[in-house]
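Notes to accompany the following structure.
The values are calculated or read from the model by the stated rules, or taken from the named source; none is laboratory data. The shown structure was predicted, so the numbers you read here are calculated from the model rather than taken from an experiment. When we count neighbours, we look across all protein chains shown, and the Cβ atoms used for this are built from the backbone with ideal geometry, even at glycine. The area values use the complete protein model at the heavy-atom level, side chains included, leaving out ligands, DNA and RNA. Shrake-Rupley method; radii C 1.70, N 1.55, O 1.52, S 1.80 Å.
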Amino acid sequence: MSDCLYHLLCLLIYPRGKTSNPYGTSKAMVEQMLTDLCKSDDDWSVALLRYFNPIGAHPSGLIGEDPKGIPNNLMPFISQVAVGKRKELSIFGSDYPTNDGTCERDYLHVMDLADGHLAALSCLDSTGVHIFNLGTGKGLSVLDMVNSFVDVTGVEIPYVFADRREGDLPAFWADASKVESELGWKANRTLDQMMEDTWRWQSNNPDGYM
Ligand code: UDP
């Protein structure tokens, strides 16, 4: 299928602003507000950066993710199981139309995401709305993530398959071609680095920022 046809099909199936959950709706609303702001006042310069799934931590092991209560997101949940704070990971859904039946997402290193922000500063020299997807362009399944964490750290992650989580889409990843061609940004860090840095932070700080 040609790229053009593929994009056309995506727009028809998932038109911009059509969301699958309240969190997505809130993001779409903010995009719309900032887009309208730029339409109504051409002094404004706005960069809309669409984060895909940032994970990992600062390589020093000093700055990382410390969710309050039970983590909603996959990576902090895995690392809290690894450190013994949670008994097992529940994998939400095993019958999605993906290679292994679990959902696929586009995970990128949080340090690449930070670099994406620096790269985006240059586009603010010109007015209007500048929209960029920050992701690797590749989808990985929940089981890929669990297996990668175990391979890199050597720590077992017990898991069970649970019901699907409401609002989850089976698979999505970024088309990051525009950000690369216009800003020269690309997510360069590897999945192994994401796992190593997550584990360095979590194992050094089992209770987060205490
Ligand atoms: N997920 C899971 N168990 C968890 C947390 C997340 O199976 O305890 C799955 C979730 O259903 C999704 C993927 O992991 O398919 C990524 O979830 P996350 O919340 O990190 O990102 P999002 O769904 O917001 O892209």
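Here are a few things to note about the model shown:
- Filtering 25, 19 for residues that are in contact with a Ser or Thr (Cβ under 6 Å, 6 or more places away or on another chain), surrounded by 14 or more Cβ atoms within 10 Å (Cβ to Cβ) and at pLDDT below 95 leaves a single hit, 19.
- Among (1) within 19 Å of the chain's Cα centre (by Cα); (2) within 13 Å of the ligand (Cβ to nearest atom); (3) more than 20 Å from residue 179 (Cα to Cα); (4) touching a residue at least 40 places away in the same chain (Cβ under 8 Å) - the single one residue 87 does not satisfy: (1)
- Residue match in region 170-184 (condition: in a strand (DSSP E or B) and either of a type in the set (Ser, Thr, Tyr) or open to solvent by less than 70 Å² (accessible area, probe 1.4 Å) (or both)): yes
- For residue 123, the criteria (1) closer than 22 Å to residue 188 by Cβ; (2) among the hydrophobic types (A, V, I, L, M, F, W, C); (3) modelled with pLDDT of 95 or more hold in every case but one, which is (3).
- Residue within region 33-52 that is open to solvent by less than 30 Å² (accessible area, probe 1.4 Å), within 14 Å of the ligand (Cβ to nearest atom) and outside any strand (DSSP E or B) present: no
- Pairs where the first residue, in region 71-83, is under 13 Å from residue 145 (Cα atoms) and the second is within 9 Å of the ligand (Cβ to nearest atom) and assigned to a loop (DSSP other than H, G, I, E, B), C-beta under 6 Å, 6+ apart: 77/71
- Taken over region 139-167, the criterion of being open to solvent by less than 60 Å² (accessible area, probe 1.4 Å) and in a helix (DSSP H, G or I) is satisfied by 142, 143, 145, 146, 148, 149, 150, 152, 153.
- For region 54-84, the candidate set comprises residues that are of a type in the set (A, V, I, L, M, F, W, C) and assigned to a helix (DSSP H, G or I); within that set, the residue that is farthest from the ligand (Cβ to nearest atom) is 82.
- In the set 98, 136, only one residue is outside any strand (DSSP E or B) and either aromatic (Phe, Trp, Tyr) or within 12 Å of the ligand (Cβ to nearest atom) (or both); that residue is 98.
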